[in-house]
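Participant: I have a structure here, written as C-alpha coordinates, and I will follow up with some questions on it.
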Amino acid sequence: MAILQILHFPDPRLRKISTPVIDIDDRVRTLVDDMFATMYYAPGVGLAAPQVNVHERIIVIDASELKNKPICLINPEIILQEGIDIQEEGCLSLPNLYEKVPRAHRVVVKALSKEGKKFELDAEDLLSVCIQHEIDHLDGKIFVDYLSRFKRDRITKKMEKMRLRTL
Ligand code: NI
(Lines give C-alpha, C1' and ligand atoms only; values in the text may rest on other atoms or scores of the structure.)
Protein backbone atom coordinates (compact mmCIF):
# COMPACT_ATOMS: atom_id res chain seq x y z
CA MET A 1 0.00 0.00 0.00
CA ALA A 2 1.14 3.49 -0.75
CA ILE A 3 0.61 6.84 0.92
CA LEU A 4 -0.62 9.18 -1.80
CA GLN A 5 0.00 12.90 -2.06
CA ILE A 6 -3.00 15.02 -1.10
CA LEU A 7 -3.76 18.12 -3.16
CA HIS A 8 -4.19 21.28 -1.13
CA PHE A 9 -6.73 24.03 -1.67
CA PRO A 10 -6.76 26.22 -3.78
CA ASP A 11 -5.26 23.73 -6.26
CA PRO A 12 -7.51 24.01 -9.36
CA ARG A 13 -7.46 20.21 -9.81
CA LEU A 14 -9.74 19.99 -6.76
CA ARG A 15 -12.41 21.72 -8.90
CA LYS A 16 -12.60 19.03 -11.59
CA ILE A 17 -15.82 17.00 -11.81
CA SER A 18 -15.14 13.30 -11.31
CA THR A 19 -16.50 10.66 -13.68
CA PRO A 20 -18.28 7.44 -12.64
CA VAL A 21 -16.27 4.25 -12.27
CA ILE A 22 -17.23 1.83 -15.03
CA ASP A 23 -15.10 -1.16 -14.13
CA ILE A 24 -14.13 -2.08 -10.58
CA ASP A 25 -10.89 -3.81 -11.46
CA ASP A 26 -7.53 -4.32 -9.73
CA ARG A 27 -6.50 -0.75 -10.51
CA VAL A 28 -9.56 0.60 -8.66
CA ARG A 29 -9.14 -1.82 -5.74
CA THR A 30 -5.47 -0.83 -5.33
CA LEU A 31 -6.48 2.83 -5.44
CA VAL A 32 -9.08 2.23 -2.71
CA ASP A 33 -6.47 0.48 -0.51
CA ASP A 34 -4.03 3.35 -1.04
CA MET A 35 -6.75 5.90 -0.27
CA PHE A 36 -7.53 4.14 3.03
CA ALA A 37 -3.82 4.04 3.91
CA THR A 38 -3.51 7.75 3.06
CA MET A 39 -6.61 8.68 5.06
CA TYR A 40 -5.57 6.73 8.19
CA TYR A 41 -2.01 8.04 7.94
CA ALA A 42 -3.08 11.70 7.61
CA PRO A 43 -5.13 11.11 9.86
CA GLY A 44 -8.60 12.01 8.61
CA VAL A 45 -12.18 10.70 8.65
CA GLY A 46 -12.68 10.76 4.88
CA LEU A 47 -10.92 11.11 1.56
CA ALA A 48 -12.22 11.50 -1.98
CA ALA A 49 -10.28 10.35 -5.06
CA PRO A 50 -9.95 13.87 -6.56
CA GLN A 51 -7.98 14.87 -3.45
CA VAL A 52 -5.28 12.45 -4.61
CA ASN A 53 -5.64 13.70 -8.19
CA VAL A 54 -7.76 10.81 -9.47
CA HIS A 55 -10.95 12.24 -10.93
CA GLU A 56 -13.24 9.26 -10.44
CA ARG A 57 -16.25 8.86 -8.16
CA ILE A 58 -14.63 7.00 -5.26
CA ILE A 59 -14.64 7.94 -1.58
CA VAL A 60 -13.36 6.30 1.59
CA ILE A 61 -14.59 7.10 5.09
CA ASP A 62 -14.04 5.95 8.64
CA ALA A 63 -16.04 8.08 11.07
CA SER A 64 -15.75 5.58 13.94
CA GLU A 65 -13.90 6.45 17.13
CA LEU A 66 -11.74 3.32 17.06
CA LYS A 67 -10.95 3.67 13.36
CA ASN A 68 -12.23 0.19 12.66
CA LYS A 69 -15.19 0.86 10.37
CA PRO A 70 -13.79 1.51 6.90
CA ILE A 71 -16.44 2.38 4.32
CA CYS A 72 -15.75 2.61 0.61
CA LEU A 73 -18.37 4.17 -1.65
CA ILE A 74 -18.00 3.93 -5.42
CA ASN A 75 -20.35 6.04 -7.59
CA PRO A 76 -22.24 7.20 -4.46
CA GLU A 77 -25.63 8.88 -4.84
CA ILE A 78 -27.69 10.45 -2.10
CA ILE A 79 -31.25 9.17 -2.45
CA LEU A 80 -32.76 10.69 0.68
CA GLN A 81 -31.84 13.51 3.01
CA GLU A 82 -33.55 15.03 6.00
CA GLY A 83 -33.02 17.43 8.85
CA ILE A 84 -30.31 19.99 9.34
CA ASP A 85 -27.09 19.72 11.26
CA ILE A 86 -24.48 22.41 11.67
CA GLN A 87 -21.14 20.95 12.64
CA GLU A 88 -17.56 22.03 12.43
CA GLU A 89 -15.86 20.45 9.44
CA GLY A 90 -12.28 20.05 8.39
CA CYS A 91 -10.67 18.71 5.23
CA LEU A 92 -7.34 17.07 4.47
CA SER A 93 -7.00 19.50 1.56
CA LEU A 94 -7.21 22.45 3.99
CA PRO A 95 -5.00 21.51 6.93
CA ASN A 96 -5.82 23.08 10.30
CA LEU A 97 -8.99 24.81 9.17
CA TYR A 98 -12.33 24.10 10.83
CA GLU A 99 -15.56 25.89 9.99
CA LYS A 100 -19.26 25.36 10.65
CA VAL A 101 -21.23 24.15 7.62
CA PRO A 102 -24.96 23.33 7.35
CA ARG A 103 -25.67 19.76 6.19
CA ALA A 104 -28.50 17.25 6.22
CA HIS A 105 -28.67 15.43 9.56
CA ARG A 106 -29.47 12.13 7.89
CA VAL A 107 -28.76 10.79 4.42
CA VAL A 108 -29.41 7.52 2.69
CA VAL A 109 -26.80 6.87 0.04
CA LYS A 110 -26.57 4.15 -2.57
CA ALA A 111 -23.25 3.07 -3.96
CA LEU A 112 -21.12 0.17 -5.15
CA SER A 113 -18.72 -1.57 -2.80
CA LYS A 114 -15.09 -2.36 -3.57
CA GLU A 115 -16.37 -5.79 -4.65
CA GLY A 116 -18.78 -4.16 -7.10
CA LYS A 117 -21.90 -4.94 -5.07
CA LYS A 118 -24.77 -2.45 -4.85
CA PHE A 119 -25.64 -1.35 -1.32
CA GLU A 120 -27.42 1.35 0.62
CA LEU A 121 -26.21 3.12 3.72
CA ASP A 122 -28.39 5.01 6.18
CA ALA A 123 -26.24 7.55 8.02
CA GLU A 124 -26.68 10.19 10.69
CA ASP A 125 -24.51 12.76 12.49
CA LEU A 126 -20.78 12.70 11.69
CA LEU A 127 -21.06 9.89 9.14
CA SER A 128 -23.85 11.72 7.30
CA VAL A 129 -21.85 14.97 7.26
CA CYS A 130 -18.78 13.10 6.09
CA ILE A 131 -20.62 11.43 3.20
CA GLN A 132 -21.99 14.79 2.01
CA HIS A 133 -18.56 16.45 2.35
CA GLU A 134 -16.82 13.70 0.34
CA ILE A 135 -19.50 13.55 -2.38
CA ASP A 136 -19.07 17.32 -2.78
CA HIS A 137 -15.40 16.69 -3.63
CA LEU A 138 -16.53 14.47 -6.53
CA ASP A 139 -18.39 17.47 -7.90
CA GLY A 140 -15.44 19.82 -7.44
CA LYS A 141 -17.02 21.41 -4.40
CA ILE A 142 -15.11 22.25 -1.22
CA PHE A 143 -16.58 23.01 2.18
CA VAL A 144 -15.35 26.59 2.16
CA ASP A 145 -17.80 27.17 -0.73
CA TYR A 146 -20.53 27.26 1.93
CA LEU A 147 -18.88 30.17 3.77
CA SER A 148 -19.26 33.85 3.01
CA ARG A 149 -17.19 35.23 0.17
CA PHE A 150 -15.25 37.38 2.61
CA LYS A 151 -14.29 34.41 4.74
CA ARG A 152 -13.45 32.25 1.72
CA ASP A 153 -11.20 34.95 0.22
CA ARG A 154 -9.35 35.27 3.51
CA ILE A 155 -8.86 31.49 3.69
CA THR A 156 -7.73 31.32 0.05
CA LYS A 157 -5.07 33.97 0.67
CA LYS A 158 -3.87 32.21 3.81
CA MET A 159 -3.67 28.83 2.04
CA GLU A 160 -1.82 30.31 -0.94
CA LYS A 161 0.78 31.80 1.40
CA MET A 162 1.14 28.49 3.21
CA ARG A 163 1.60 26.68 -0.10
CA LEU A 164 4.34 29.07 -1.17
CA ARG A 165 6.14 28.43 2.10
CA THR A 166 6.04 24.65 1.68
CA LEU A 167 7.01 24.54 -2.02
NI1 NI B 1 -12.44 17.24 2.26
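The values are calculated or read from the model by the stated rules, or taken from the named source; none is laboratory data. All values reported here derive from a predicted model rather than from experimental measurement. Because the Cβ atoms are built from the backbone with ideal geometry, glycine has one as well, and the counts that use them run over all protein chains shown.
Participant: Could you tell me whether the stretch 117-127 includes any residue that is within 16 Å of the ligand (Cβ to nearest atom) and closer than 15 Å to K69 by Cβ?
Facilitator: yes
A quick yes/no check of all residues on (1) within 15 Å of the ligand (Cβ to nearest atom); (2) hydroxyl-bearing (S, T, Y); (3) within 25 Å of S148 (Cα to Cα); (4) surrounded by 21 or more Cβ atoms within 10 Å (Cβ to Cβ):
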{"position": "L66", "(1), (2), (3), (4)": "no, no, no, no"}
{"position": "G83", "(1), (2), (3), (4)": "no, no, yes, no"}
{"position": "P95", "(1), (2), (3), (4)": "yes, no, yes, no"}
{"position": "Y98", "(1), (2), (3), (4)": "yes, yes, yes, no"}
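Participant: Just name the residue that is nearest to the ligand (Cβ to nearest atom) out of those in the stretch 100-116 that are assigned to a strand (DSSP E or B) and buried (at least 18 other Cβ atoms within 10 Å of the Cβ).
Facilitator: Per the stated criteria, the residue is V101.
Participant: State whether the residues of the stretch 35-53 include one that is free of Cβ contacts under 8 Å to residues at least 60 places away in the same chain and either charged (D, E, K, R) or touching a Gly at 6+ places or on another chain (Cβ under 6 Å) (or both).
Facilitator: No; the residues of the stretch 35-53 include none that is free of Cβ contacts under 8 Å to residues at least 60 places away in the same chain and either charged (D, E, K, R) or touching a Gly at 6+ places or on another chain (Cβ under 6 Å) (or both).
Participant: Scan the stretch 38-55 for residues that are within 13 Å of the ligand (Cβ to nearest atom) and of a type in the set (A, V, I, L, M) and jot them down.
Facilitator: M39, A42, V45, L47, A48, A49, V52
Participant: Just checking, does the stretch 20-38 include any residue being within 15 Å of I142 (Cα to Cα), in contact with a strand residue (DSSP E or B) (Cβ under 6 Å, 6 or more places away or on another chain) and at pLDDT 95 or above?
Facilitator: No.
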